[in-house]
Amino acid sequence: MPTPTTTTTTARLVLAPDELLTLAATHERAELARYRRLAFGFLTYDTALSRLMASLGIECERRLQALREAAERHGVAQVVGEHTERYRPWQHHLPLGLVTHHAMALDSLHQALADADYSQRFYAQLRTASAVPALDSLLAKILRQKGSEHAVLQEQLTSRGELGCHSLAV
């Protein structure tokens with residue numbers, strides 16, 4: 001008597017340009033808001049970390065611009081659109097907190113690192129799901145940037161965790 005066999009089929013998610021660019025832009029706007037909150041939170045505790053977080057936010061703005069340009073090239077500019085809402089930290093769902101001590105700084109850096117890891121995996125999945133080969137170079141570039149972002153945050157966490165102190169250098 002023959003033994004029944006089961007066949008497993010794995011479906012691959014494929015995103016059209018408008019879907020992919022909408023997801024990427026929405027994610028990048030959230031990243032921008034998060035880095036702005038972190039920059040503000042570290043402002044009174046460690047100005048160097050505050051500047052780093054602000055710089056990472058600026059990189060988010062550059063990625064958003066690149067996503068807008070890609071959307072225009074693919075005729076779906078309206079899905080990415082210009083996000084002109086003024087940043088108001090008190091309106092976001094995450095609490096606005098000023099970092100006041102070393103343990104809090106380490107916790108914030110740990111969370112930033114975890115978020116950077118998530119973001120890197122998010123873009124890797126977007127790249128895999130892309131139905132448009134022309135977007136591959138943009139997604140590859142963003143993925144490299146996210147890898148660098150992760151490495152920088154990891155180095156900050158490692159160096160500050162070992163020091164056990166903070167700097168207020170301007």
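The values are calculated or read from the model by the stated rules, or taken from the named source; none is laboratory data. Note that this is a predicted model, so its numbers are computed, not measured. Note: ideal-geometry Cβ built from the backbone for every residue, glycine included; neighbour counts use all protein chains shown. SASA here: full protein model, heavy atoms, side chains in, ligands and nucleic acids out. Shrake-Rupley method; radii C 1.70, N 1.55, O 1.52, S 1.80 Å.
Would you mind telling me which numbered condition in (1) open to solvent by less than 30 Å² (accessible area, probe 1.4 Å); (2) touching a strand residue (DSSP E or B) at 6+ places or on another chain (Cβ under 9 Å) L23 fails?
So the condition that L23 fails would be (1).
So, L67, is that one more than 12 Å from the chain's Cα centre (by Cα), at pLDDT 95 or above and over 30 Å from V99 (Cβ atoms) or not?
The answer is yes for L67.
Sort out which residues of the stretch 109-125 are open to solvent by 10 Å² or more (accessible area, probe 1.4 Å), among the aliphatic types (A, V, I, L, M) and touching a residue at least 40 places away in the same chain (Cβ under 8 Å), and write them in order of number.
Matches in the stretch 109-125: L113 only.
Which one of these does E162 not meet: (1) under 22 Å from G97 (Cβ atoms); (2) in a helix (DSSP H, G or I); (3) at pLDDT below 95?
(1)
Could you check how many residues of the stretch 129-140 are open to solvent by 30 Å² or more (accessible area, probe 1.4 Å) and free of Cβ contacts under 8 Å to residues at least 40 places away in the same chain?
Count: 3.
Return yes when E61 is surrounded by fewer than 21 Cβ atoms within 10 Å (Cβ to Cβ) and within 21 Å of L126 (Cα to Cα) and no when it is not.
yes
Name the single residue that is surrounded by the most Cβ atoms within 10 Å (Cβ to Cβ) among those in the stretch 81-105 being modelled with pLDDT of 80 or more and out of contact with any Gly (no Cβ under 6 Å at 6 or more places or on another chain).
A105
Condition check: open to solvent by 40 Å² or more (accessible area, probe 1.4 Å), modelled with pLDDT under 95 and small (G, A, S). Does A11 satisfy that?
Judged against the criteria, A11 is a match.
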